[in-house]
Structures are given as structure tokens and as C-alpha cells.
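Worksheet for the structure shown next.
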Amino acid sequence: MTGSASTFISKNGAGILLSAAVAVAAVFAEPLMKQLTGGFSIPAMVIALFFGIALNGLASEPRFQPGITWCVKKLLRIAIGLLGLRIALGDILGLGIGAIVLVVASMALTIAASIWLARQFGLEAGYGALAGAANAVCGASATLATNTVVPNYKTKDADTAFTVVMANAISTLVMLAYPPLCLWLGLSSRETGIMLGATIHDMAQVVGAGYALSEDVGNTAVVVKLFRVFLLLPVVLAIGWWFTRSGAKTGEAKVPAPVFAVVFLALALLNTAAVAMPSIQPLYLPVKTLLNEVSRWGLLLSIAALGLGTSVSAILAVGWRHVAVFLLATILILAIVTVGIMLLR
């Protein structure tokens, strides 16, 4: 073992192991929770967050802090960079220019409005960015990614944890509510897929809502959702740039290291090329599967570490204004997408 590796382990090992233990416990708890709740599914990421918060007292010991910080700051960026393997650009281009413009516009307006709403409610602009990204992009993953570029402020970790929980809860509710709404509006299969893929927060709920209606709806919804995931990096970098530009008012902000973005885009291009080359699939698919698992576990450890660094009292201090901003952002993106679909007919 080299000296640098030994130093890294001695400094960060305890915190990383604690985060990993919480993540593993959450994975094992997920099916048990489903049985206890009569079939209601609670994602492992949310369970890991709650387990971490419950162990905040233990995690506050100095020996755990460096490793927990590494998971939230470094491991998170690696995991998000690997998300690029889920994207195939050909599928996105197949949506058509109208749908692409609608998705981009709805995302941009939702994030901008969320930041504005947070300020109107007397909250930090950083929370507005977290809530806006969760609604506009991809729930928990977008929240964690945005956390890396939002300036530090007193309740940042608590706001991040709250946003993750809120995104999952609302995403589950709209998974049940939006399909009947689409039928009531008389949307076609393609329009319904665009609606679900462009408005539901998390991929699991998009899949659940889309394929519950039909395979065509599900396929379209997943492609639209993947397009939103593809825009995660540009969105996060844009938010970081905005906070950096207005740094005198918002405090210190830092855009993530470019490697983080470059890896994401490079892997998306690699995945796109691999789709068109059947001959390499036997070699490529096992590697892709492995790296997708690395990404999944990286996100789990990151959110477990976030929970470990968040106290219960900080979560309980979150009030109705936080809920209002998040819900208004959810309603806003639904309204924009609905109007857009009607105009594209």
C-alpha cells in the first residue's frame, strides 16, 4: 500500500465505512419496509438519509468527519459523472425539436422561479436552487449535485436533506395523480409520455406511472426523463455560475471541477456509440452494468453521509415556507408542460 493510499484510509476510512454501513443497511431495509407498509415502496436512498440522520450524534465524532465530507464532496461527483452511461443521444433526438424545447424551457423557468419564490418567502436562494433542481431535473440526484455549487449557509445541509425527502414524497404522489390527469386532458400516448417524463421527479416513479398505462407511454416517458438527466450537468454548472457571479450577495460558491462534467458527457457519447455497435455489446454491457452499480452505490453512500451530517433538530426547524416553495415549483413545471403540450398539438 502506497503512502498516499495509507494516508487517505487513515484519514477518511472511518467516515467512509460508517457511510457504507448506513447504505448497506438501507438496501437490506428497503424490501422489509415494503412488506411492513403493505407494498408501499420507500427508496433505499430515502431510507439511507433517515438512517444517517438517526446516527448524527455518533457521526459528529471528529474521526468520522473527514470521510463523511469526502463522500458528500468527492464521491458524489464521481457517481453523478457515471450517470452519463444511462444516456443515449439518439433516443433524445428522436423526441423532436418541439418536445426538446418544451423540456428545456420548463426546467429553466422552474429553477428561476424557485429561486425567486425562496427569496419572496424569506428563505435562502440556495434552498430555491435545491428545490428548483429537484423539480426540474431528477429529484434526489439533482439535489445532491446542486448542493455542490450552492454557497454555504447555516441550514444548507438540513435544506438538502429536506429537499430529498420532499422530492421522493411528492414524486410518489404525482406518480398516482398524473396518469388520470393525462387521461382527463385527452392526451395521446406520446403526449402522456412527454407529460410524465417531463414533470415527475424521480426515474422510478416515471417508470411506474408510464408503464402502468402502456409500453408506448412508458418508453416515451423514460426517454424524456433521461433527457432531463442528461441536462443535469449543464443545469448544475449554470446554477454554480450564477451564484459565483453574484458572490458578493450570496457568499462563496464554487462550480464543480470540470472533470465531473467531462466524464458525464464522455460516457454519454460512449454509450451512444456503443448502442450503434452490436458487436461490442458482449464486452460493453458487463462493464456498463458494473459502472452503473458503482454509480448507484456512490449515490447511496453520498446521501447516507449527508444524513450523518444532518441533525434532527435542523430538519424539525424546516417550516411551512420550505414546503410551499417546493409545492409551488411542482405545480409550476406541471402547468408549463401542460400548456406547452397543448400548444404543440
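Key figures for this structure:
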{"read-out": "Difference of contour (0.36 nm per residue) and Cα-Cα distance, residue 184 to residue 21", "value": "54.1 nm"}
{"read-out": "Region 26-61 versus region 278-337: alpha-carbon centroid distance in Å", "value": "14"}
{"read-out": "Accessible surface of residue 190 - all protein chains present, 1.4 Å probe, nearest 10 Å²", "value": "120"}
{"read-out": "Helix runs (DSSP H) in the chain reaching 24 Å along axis by Cα, Kyte-Doolittle at least 0.5", "value": "3-36, 97-120, 156-185, 258-275, 281-308, 320-344"}
{"read-out": "Radius 14 Å from Cβ of residue 87, net charge of other residues (Lys, Arg +1; Asp, Glu -1)", "value": "+3"}
{"read-out": "Accessible carbon and sulfur surface of the chain relative to its total accessible area, %, 1.4 Å", "value": "72"}
{"read-out": "Cα-derived Rg over Rh, computed across region 1-159 with Rh taken as Kirkwood radius", "value": "1.03"}
{"read-out": "Surrounding net charge for residue 338, when Lys and Arg each add one and Asp and Glu each subtract one, Cβ distance under 13 Å", "value": "0"}
{"read-out": "Residue-normalised accessible area of region 262-323, expressed per residue, 1.4 Å probe, Å²", "value": "53"}
{"read-out": "Residues of region 62-84 with amide N under 14 Å of a point placed 7 Å along Cα→Cβ from residue 289", "value": "none"}
{"read-out": "Listed residues 157, 91 arranged by accessible area, highest first, probe 1.4 Å", "value": "91, 157"}
{"read-out": "Accessible solvent surface per residue of region 64-186, calculated while the other protein chains remain in place, 1.4 angstrom probe, Å²", "value": "35"}
{"read-out": "Per-residue SASA entry for residue 242, accessible area with 1.4 Å probe, Å² rounded to 10", "value": "60"}
{"read-out": "5 angstrom amide H check on residue 55, placed H, neighbours 5+ away", "value": "none"}
{"read-out": "Exposure ranking of 159, 202, 216 by accessible area [1.4 Å probe, largest first]", "value": "216, 202, 159"}
{"read-out": "Count of lysine pairs in the chain with Cα separation under 19 Å (8 or more residues apart, or interchain)", "value": "11"}
{"read-out": "Per-residue HN-Hα couplings for region 81-94 [Karplus 6.51, -1.76, 1.60; θ = phi - 60°; Hz; x = Gly/Pro]", "value": "x, 6, 4, x, 5, 8, 9, 10, 4, x, 5, 5, 4, x"}
{"read-out": "Contact order relative to length of the chain, as percent, for alpha carbon pairs under 8 angstrom and 6 or more apart", "value": "32"}
{"read-out": "Residue-averaged 222 nm ellipticity for the chain, from DSSP H runs of 4+ at -39500 (n - 2.57), nearest 500", "value": "-25500 deg cm²/dmol"}
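The values are calculated or read from the model by the stated rules, or taken from the named source; none is laboratory data. Treat the numbers as computed from the prediction; the structure is a model and nothing was measured. No Cβ is skipped: glycine too gets one built from the backbone with ideal geometry, and neighbour counts run over all protein chains shown. Note: areas computed on protein heavy atoms with side chains; ligands, DNA, RNA excluded. Shrake-Rupley method; radii C 1.70, N 1.55, O 1.52, S 1.80 Å.
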